[in-house]
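Undergrad: Mind having a look at this structure? Questions to follow.
The values are calculated or read from the model by the stated rules, or taken from the named source; none is laboratory data. No experiment lies behind these values; they were computed from the predicted model shown. No Cβ is skipped: glycine too gets one built from the backbone with ideal geometry, and neighbour counts run over all protein chains shown.
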Amino acid sequence: MPDRPAPIVRATPEDAATLTAVAHEAKRFWGYPEEWIRSWRDDLTLDQAYIQSYLVYAILSHDSVLGFYSLVPPNSREKLWDLDHLWVVPTAMGRGMGRALFEHAVDQARGRGARRFRILSDPHAEPFYHRMGARTVGRLDASIEGVERWLPEMELTLEDGPGPQSPDGL
């Protein structure tokens, strides 16, 4: 659980460099080779235009960003939103920040009529999303430098229930 409730605020274009640093730091936590991190630079970078175009929220503690998420609205009638980013700095992992961000994202999407979330997850984050109520529906080839690698494609149906499950349930 969080040490105390941390505010979640709408990110501003001026936060782009900070959010990008959070994404890179969180990705490095999993021990990926630095050359892979460099190859993912564009995917892990948020620029000012991205922040202006999508729903991007950050969780704060003493004015420091501990994590953030971004939601991309649907392009179809399915109302299938994409949870494009959800990152927490390693020093804040295990303190409920990811859960707080995820629940906030669910509330934001539901409030805008979303019926489903799509998540293209890092393999290390798949168990977290399962705890949040998402299910794995497929996988995407993400092989890199001759290493076979798959990204879980996940969905959360927002109409079926309250969202994230208790910490001890899957």
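Undergrad: Considering each residue of segment 60-86, count those that are more than 18 Å from residue 13 (Cβ to Cβ) and under 16 Å from the mean Cα position of the chain (by Cα), and give that number.
TA: The qualifying residues number 8.
Undergrad: Here's something else I'd like to know. Of all residues in segment 131-143, which are in contact (Cβ under 8 Å) with a residue 12 or more places away in the chain and either within 13 Å of the chain's Cα centre (by Cα) or not in a helix (DSSP H, G or I) (or both)?
TA: 132, 133, 134, 135, 136, 137, 138, 139, 140
Undergrad: Among the candidates 89, 106, single out the residue that is touching a residue at least 40 places away in the same chain (Cβ under 8 Å), in contact with a Gly (Cβ under 9 Å, 6 or more places away or on another chain) and closer than 25 Å to residue 39 by Cα.
TA: Answer to the check: 89.
Undergrad: Go through (1) among the small types (Gly, Ala, Ser); (2) modelled with pLDDT of 90 or more; (3) over 15 Å from residue 54 (Cα atoms) and name the single condition residue 105 misses.
TA: All conditions pass for residue 105, except number (3).
Undergrad: Could you tell me which numbered condition residue 147 fails, if it satisfies all but one of (1) touching a Pro at 6+ places or on another chain (Cβ under 7 Å); (2) over 17 Å from residue 25 (Cα atoms); (3) exposed (fewer than 14 other Cβ atoms within 10 Å of the Cβ)?
TA: Only one criterion is unmet by residue 147, namely (1).
Undergrad: Then there is this: Hey, can you tell me all the residues within segment 49-84 that are under 16 Å from residue 120 (Cα atoms) and of a type in the set (S, T, N, Q)?
TA: 70
Undergrad: When residue 114 is evaluated against the numbered criteria (1) within 13 Å of the chain's Cα centre (by Cα); (2) buried (at least 18 other Cβ atoms within 10 Å of the Cβ), which criterion, by number, is the only one it fails?
TA: Condition (1) is where residue 114 drops out.
Undergrad: A follow-up question, please. Which one of 127, 164, 152 is modelled with pLDDT under 90 and either closer than 21 Å to residue 70 by Cβ or part of a helix (DSSP H, G or I) (or both)?
TA: Unique residue meeting the criteria: 164.
Undergrad: Of the conditions (1) part of a strand (DSSP E or B); (2) among the hydroxyl-bearing types (Ser, Thr, Tyr); (3) modelled with pLDDT under 95, residue 91 satisfies every one except a single condition; which number is it?
TA: The number of the failed condition is (1).
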